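The values are calculated or read from the model by the stated rules, or taken from the named source; none is laboratory data. Note that the coordinates shown come from a computational prediction; the quantities given were computed from them, not determined experimentally. Here the Cβ positions follow ideal geometry from the backbone for every residue, glycine too, while neighbour counts run over all protein chains shown. Calculation scope for accessible area: heavy atoms of the full protein, side chains included, ligands and nucleic acids excluded. Shrake-Rupley method; radii C 1.70, N 1.55, O 1.52, S 1.80 Å.
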Amino acid sequence: MAKLNGIHLHVERESLINDVNVPQHPVEKGIKLSDHVERLPQSLSLTGKILRKSGSQVNSVISDIANLQKNGTQVTYSGRKVYHNMVVKNFSYDADANIANGFNFTIVLQEIRIAGQSYKTGAKSAQPESKAGLKQTQGQNTGKQYHTVKKGDTYWALGIKYGVKWQQLQEWNGYDPKKIPIGAKLRVK
């Protein structure tokens, strides 16, 4: 007997889906270039029967599962394996003439990750950078533009975004194309 947050279910089939995203970028010759692989959330499809002694007990179980879905409650599923940090992405059920007090069901669970707090309260704030001793160029436009690197950024993609050849970006910034540090400021114009 399987459990979904303590709700007993008669699960006949568990189907786990593991998927990744492989971004590709065109190159001058040959096949497209892939510079990283990104794991996507796991999905678990469950099919089976909701069975109870009375119709009101069945309706109560259906209501409990629907509330888990509607409220986006994190669930733990315990069946052949245990899965944590999941939400009910899809829940459907239908009647069958062979089941007196129950329904066939399909539930799709999806793995989630909740973001933590992005800042700490009470932490010292950064001091502004001093310009003392440097020639001030106020009012002069140097024409240079910078981009702060985020996960997944590549010279090729930034070149398209800013209308610059990726080779020029590498020349300006000097980082190996496979080792561009996240958070670095890259010259893009």
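Suppose we filter the stretch 102-149 for residues that are open to solvent by less than 60 Å² (accessible area, probe 1.4 Å) and at pLDDT below 85; how many remain?
The initial filter retains those residues of the stretch 102-149 that are open to solvent by less than 60 Å² (accessible area, probe 1.4 Å), namely 102-112, 143, 147, 149.
Imposing the further condition that a residue be at pLDDT below 85 reduces the set to 143.
Qualifying residue count for the region: 1.
Mind checking which residues of the stretch 160-189 are of a type in the set (A, V, I, L, M), more than 11 Å from His147 (Cβ to Cβ) and not in a loop (DSSP other than H, G, I, E, B)? First the steps, then the outcome.
Restricting attention to the stretch 160-189, the residues satisfying the condition of being of a type in the set (A, V, I, L, M) are 160, 164, 169, 180, 182, 184, 186, 188.
If we keep only those that are more than 11 Å from His147 (Cβ to Cβ) too, we end up with 160, 182.
Residue satisfying the conditions is Ile160 alone.
Quick one: how many residues across the stretch 63-74 are farther than 15 Å from Gly6 by Cβ and assigned to a helix (DSSP H, G or I)? Step through it out loud before you land on a result.
Taking the stretch 63-74 as the starting set, the residues that turn out to be farther than 15 Å from Gly6 by Cβ are 66, 69-72.
Those still in the list that are assigned to a helix (DSSP H, G or I) too: 66, 69-71.
Residues that pass the stated criteria total 4.
For Ser45, state whether it is farther than 30 Å from Trp166 by Cβ, surrounded by 15 or more Cβ atoms within 10 Å (Cβ to Cβ) and either polar (S, T, N, Q) or in contact (Cβ under 8 Å) with a residue 60 or more places away in the chain (or both).
Working: farther than 30 Å from Trp166 by Cβ: yes; surrounded by 15 or more Cβ atoms within 10 Å (Cβ to Cβ): yes; either polar (S, T, N, Q) or in contact (Cβ under 8 Å) with a residue 60 or more places away in the chain (or both): yes.
It is true that Ser45 is farther than 30 Å from Trp166 by Cβ, surrounded by 15 or more Cβ atoms within 10 Å (Cβ to Cβ) and either polar (S, T, N, Q) or in contact (Cβ under 8 Å) with a residue 60 or more places away in the chain (or both).
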**Q.** Members of the stretch 1-16 that are out of contact with any strand residue (DSSP E or B) (no Cβ under 8 Å at 6 or more places or on another chain) and surrounded by 10 or more Cβ atoms within 10 Å (Cβ to Cβ)
**A.** Ile7
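Just to check your reading of the model, which residue among Asp19, Asp35, Asp64 is at pLDDT 95 or above and either out of contact with any Lys or Arg (no Cβ under 9 Å at 6 or more places or on another chain) or open to solvent by 60 Å² or more (accessible area, probe 1.4 Å) (or both)? Before you say what the answer is, go through the steps one by one.
Working: Asp19 fails: at pLDDT 95 or above; Asp35 fails: at pLDDT 95 or above.
Result of the check over Asp19, Asp35, Asp64: Asp64.
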Q) Can you name every residue in the stretch 2-34 that is over 23 Å from the mean Cα position of the chain (by Cα) and in a strand (DSSP E or B)? A) Ala2, Lys3, Ile7, His8, Leu9, His10, Val11, Glu12, Arg13
Q | Evaluation of Asn59 against (1) open to solvent by less than 80 Å² (accessible area, probe 1.4 Å); (2) more than 28 Å from Ala157 (Cβ to Cβ) (one fails), failing number | A | (1)
**Q.** Number of positions in the stretch 90-99 that are touching a helix residue (DSSP H, G or I) at 6+ places or on another chain (Cβ under 9 Å) and surrounded by fewer than 17 Cβ atoms within 10 Å (Cβ to Cβ)
**A.** 1
Q: Search the stretch 144-170 for residues that are on the phi < 0 side of the Ramachandran plot and pair each with any residue that is polar (S, T, N, Q) and assigned to a helix (DSSP H, G or I) when their beta-carbon atoms are under 6 Å apart and the residues are at least 6 apart or on different chains.
A: Tyr155/Gln170
